[in-house]
Amino acid sequence: MLSNALQYECYPEEFEKQVKKAYGEEEFKRFMKMLPSFNAKYQTWYSESRSLIKLLLPDRVSDFVKQYEKPKTARKSIDFENYVIEDCLQGLSVTKGWEKERVVGPEAAIPRFTQQLNILKATQKRFESSLFDIKQLVQADLFDSELGAAKELSNNKFYRAAGALAGVVLEKHLGQVCENHSLTLSKKKPTINDFNELIKQNDIIDIPQWRFIQHLADIRNLCDHNKKTEPTETDIVDMISGVDKITKTVF
């Protein structure tokens, strides 16, 4: 709404004409009742937006600020190139000559404010990315913890349980890899091999990695399903180290 408010304050007749043409007289009246004053609301918006950008996009803070603040060094002249939002809030208009030819005025703040809006919009993607990063870190920590538990089980010769737990970690990780790449399976309960095939088909892993994951899936199946044959210590050591490798190299 602030963008509309600034447009209206700079070009009231044109703004009114365009809104009425698009929405009609009654809608225009309702719209105008909701339209804030740019001068009255901008400072609050600026302070809140700057704090958010400082948190999520710290490298863009200076760019955001310079759209608003006057430069610290005195300007020899003020024109469209160096007119800032602070000038607009002070109602500054520059003219020249005895005929008072207009050089620049509040309308020059419109592209400045548009740039600020674009920087602010970028924080949304950064926020989503930050949440993604946090999720990945938490999950990686959880996987490390579960693999640590699998090692402890293996050290105490509970090989089948250790292999089964490592298999769960591998399955979860491959599921996350598919989610990261927006890949889905119609199967309700996909297995390691299902995920493995899908990520190979989409060139996320190469043939050696695919075969290695197949090998790990075989050990997992031995631990989960084959009660006649017991997994060996070597099987489980390979399983745990292999899963650890995959969780740190396949994303």
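The values are calculated or read from the model by the stated rules, or taken from the named source; none is laboratory data. What you see is a predicted model, and the numbers here were worked out from it, not measured in a lab. Using ideal geometry, Cβ is built from the backbone for each residue, glycine included, and neighbour counts are taken over all protein chains shown.
If only one of T249, T191 is surrounded by fewer than 19 Cβ atoms within 10 Å (Cβ to Cβ), polar (S, T, N, Q) and over 14 Å from E171 (Cβ atoms), which one is it? The unique qualifying residue is T249. Taking E107 as the residue in question, decide whether it is of a type in the set (D, E), touching a helix residue (DSSP H, G or I) at 6+ places or on another chain (Cβ under 7 Å) and either under 22 Å from K125 (Cβ atoms) or buried (at least 16 other Cβ atoms within 10 Å of the Cβ) (or both). So E107 fits the description; yes. Of the listed requirements (1) under 14 Å from L2 (Cα atoms); (2) under 22 Å from the mean Cα position of the chain (by Cα), S51 misses just one: (1).
Within region 34-54, the set of residues being over 17 Å from C88 (Cβ atoms) and touching a residue at least 40 places away in the same chain (Cβ under 8 Å) comprises L52, I53.
So that you can scan it fast, the table gives a plain yes or no per residue for (1) assigned by TED's automatic domain parsing to the domain that holds L56; (2) out of contact with any Phe, Trp or Tyr (no Cβ under 7 Å at 6 or more places or on another chain); (3) of a type outside the set (S, T, N, Q):
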position	(1), (2), (3)
L170	no, yes, yes
N196	no, no, no
D203	no, yes, yes
N221	no, yes, no
D238	no, yes, yes
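Residues are listed down the side, and each one gets a yes or a no for (1) assigned to a helix (DSSP H, G or I); (2) under 24 Å from the mean Cα position of the chain (by Cα); (3) under 30 Å from G175 (Cβ atoms):
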residue: C88; (1), (2), (3): yes, no, no
residue: V103; (1), (2), (3): no, no, no
residue: A108; (1), (2), (3): yes, no, no
residue: N118; (1), (2), (3): yes, yes, no
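Applying the selection to region 35-77, what residues are β-branched (V, I, T) and either at pLDDT 90 or above or not in a helix (DSSP H, G or I) (or both)? Across region 35-77, the qualifying residues are T44, V61, V65, T73. For region 1-20, the tally of residues that are exposed (fewer than 11 other Cβ atoms within 10 Å of the Cβ) and at pLDDT 85 or above stands at 1. Being surrounded by fewer than 18 Cβ atoms within 10 Å (Cβ to Cβ), of a type outside the set (V, I, T) and under 19 Å from W45 (Cα atoms) is the filter here; which residues of region 110-131 pass it? Scanning region 110-131 gives P111, Q115, L117, N118, K121, A122, Q124, F127. On the stretch given as region 44-82, residues that are of a type outside the set (D, E) and surrounded by 12 or more Cβ atoms within 10 Å (Cβ to Cβ) total 22. Here is the figure for region 24-48: residues that are of a type in the set (S, T, N, Q) and within 15 Å of I110 (Cα to Cα) total 2. Looking only at residues in region 233-246 that are among the β-branched types (V, I, T) and surrounded by 13 or more Cβ atoms within 10 Å (Cβ to Cβ), the one that is nearest to the chain's Cα centre (by Cα) is I246. Name every residue in region 203-251 that is part of a helix (DSSP H, G or I), in contact (Cβ under 8 Å) with a residue 60 or more places away in the chain and among the aliphatic types (A, V, I, L, M), in order of residue number. Of everything in region 203-251, those that are part of a helix (DSSP H, G or I), in contact (Cβ under 8 Å) with a residue 60 or more places away in the chain and among the aliphatic types (A, V, I, L, M) turn out to be I236, V237, M239, I240, V243, I246. Looking at N180, N196, just one residue is surrounded by fewer than 16 Cβ atoms within 10 Å (Cβ to Cβ), closer than 23 Å to Q136 by Cβ and not charged (D, E, K, R), and that residue is N180.
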